[in-house]
Amino acid sequence: RKVIWAGFFAILFASIMSAIIIRLPVSGTEPFNVALQSSLETVFGNTWRIVVASIIAFWVGDFVNAYVMAKMKLLTHGKYLWTRTIGSTLCGQGIDSLIFYPIAFYGIWENTTLGFVILFNCAFKICIEVIMTPVTYAVVGWLKKQEGEDFYDTDTNFTPFSVRD
């Protein structure tokens, strides 16, 4: 939860800084700055939709991912890690894509393009999760051995509005 909130605030900070940078007055004594300003406005001027979409999709998708992962661990009694990682990715990244792309690009892209990109992005993320499953098993096994513990979120408060454990 804390990592998700940190990422949320990092994206928010970056978006605020981008907005400030394109609104700073241009130095007329620097011809390069005058020429560069219109390019900066083109690149960063309409990113508010992408930033808003990123923040909302990141926030919702990552909380869904964490929740599904934890609940599936309880349901599988800590077994079948691959089902948890792939299942939580399917849910979390599916929600992420269903939120991000329409907010960021609806009305800019054609609806068929939007739908294709959503489906492709979900499939791509799930494929990456499947490909990385052996690495995940190795890392999780190593961490459990190093820490000597295996955590189960039986009493975890999954409300996204809390920063405390």
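Couple of notes before you dig in:
A quick yes/no check of all residues on (1) more than 26 Å from TYR137 (Cα to Cα); (2) within 13 Å of the chain's Cα centre (by Cα):
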{"residue": "PHE44", "(1), (2)": "yes, no"}
{"residue": "ALA53", "(1), (2)": "yes, yes"}
{"residue": "LEU75", "(1), (2)": "no, no"}
{"residue": "GLY94", "(1), (2)": "no, yes"}
{"residue": "LEU98", "(1), (2)": "yes, yes"}
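- Helices (runs of 4 or more DSSP H) lying entirely in segment 1-112 (those with 2 or more residues that are in contact (Cβ under 8 Å) with a residue 24 or more places away in the chain): 2-23, 48-75, 81-105
- All told, LEU90 falls short of being modelled with pLDDT of 85 or more, among the hydrophobic types (A, V, I, L, M, F, W, C) and over 24 Å from the mean Cα position of the chain (by Cα).
- For segment 3-40, a tally of residues being within 28 Å of VAL64 (Cβ to Cβ), of a type outside the set (S, T, N, Q) and surrounded by 10 or more Cβ atoms within 10 Å (Cβ to Cβ) returns 12.
- Check on ILE118, crowded, with 16+ Cβ neighbours inside 10 Å, in contact with a Ser or Thr (Cβ under 9 Å, 6 or more places away or on another chain) and assigned to a helix (DSSP H, G or I): yes
- Selected residue [closer than 20 Å to PRO134 by Cα and among the polar types (S, T, N, Q)] from THR83, THR47: THR83
The values are calculated or read from the model by the stated rules, or taken from the named source; none is laboratory data. Just so you know, these numbers come straight off a predicted model, no measurement behind them. Backbone-built Cβ (ideal geometry, glycine too); neighbour counts: all protein chains shown.
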